[in-house]
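**Q** One structure, pasted below without further comment.
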Amino acid sequence: METESQIRARLAELEAEHRALDSAIGVMHEQAAPDIFAIQRLKKRKLQLKDSIQRLRSRLIPDLNA
């Protein structure tokens, strides 16, 4: 089981990668002849990261046994 600090560290890594992909996609779109397939791969990875980020964030929310 990961500790909260480990989860937060992993979350920071994923968020940084997500931002980097966003920048890379923006740069690729500005090219004269953008590589559509490469952009699609980056977008797919970005969506995977988004899902992983959401899962990690939900693990940081304490369980309330009501």
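The values are calculated or read from the model by the stated rules, or taken from the named source; none is laboratory data. For clarity, every value in this text was computed on a predicted model and none was experimentally measured. Cβ placement follows ideal geometry from the backbone for every residue including glycine, while neighbour counts extend to all protein chains displayed.
**Q** Which pairs have Cβ atoms under 6 Å, sit 6 or more apart or on different chains, and link a residue in the range 1-28 that is more than 14 Å from residue 52 (Cβ to Cβ) to one that is surrounded by 10 or more Cβ atoms within 10 Å (Cβ to Cβ) and at pLDDT below 95?
**A** Cβ pairs passing all conditions: 28/34.
**Q** Also, I was wondering about something else. Residue 62 versus (1) surrounded by fewer than 10 Cβ atoms within 10 Å (Cβ to Cβ); (2) assigned to a helix (DSSP H, G or I); (3) of a type outside the set (Ser, Thr, Tyr): which is the lone unmet condition?
**A** (2)
**Q** Name the single residue that is surrounded by the fewest Cβ atoms within 10 Å (Cβ to Cβ) among those in the range 21-38 being under 16 Å from the mean Cα position of the chain (by Cα) and not hydroxyl-bearing (Ser, Thr, Tyr).
**A** Here is the first cut: in the range 21-38, the ones under 16 Å from the mean Cα position of the chain (by Cα) are 21-26.
With the extra rule that they be not hydroxyl-bearing (Ser, Thr, Tyr), the set shrinks to 21-22, 24-26.
Working: 21: 19, 22: 14, 24: 15, 25: 18, 26: 9.
Here the answer is 26.
**Q** I'd like the full set of residues that are among the small types (Gly, Ala, Ser) and at pLDDT 95 or above, limited to the range 6-32. Full working, then the answer.
**A** Initially, the range 6-32 is screened for residues among the small types (Gly, Ala, Ser), giving 9, 12, 16, 20, 23-24, 26, 32.
Selection gives 9, 12, 16, 20, 23, 24, 26.
**Q** Still on this model: Which condition number does residue 41 fail, the rest of (1) within 19 Å of the chain's Cα centre (by Cα); (2) closer than 20 Å to residue 3 by Cα; (3) not β-branched (Val, Ile, Thr) being met?
**A** (2)
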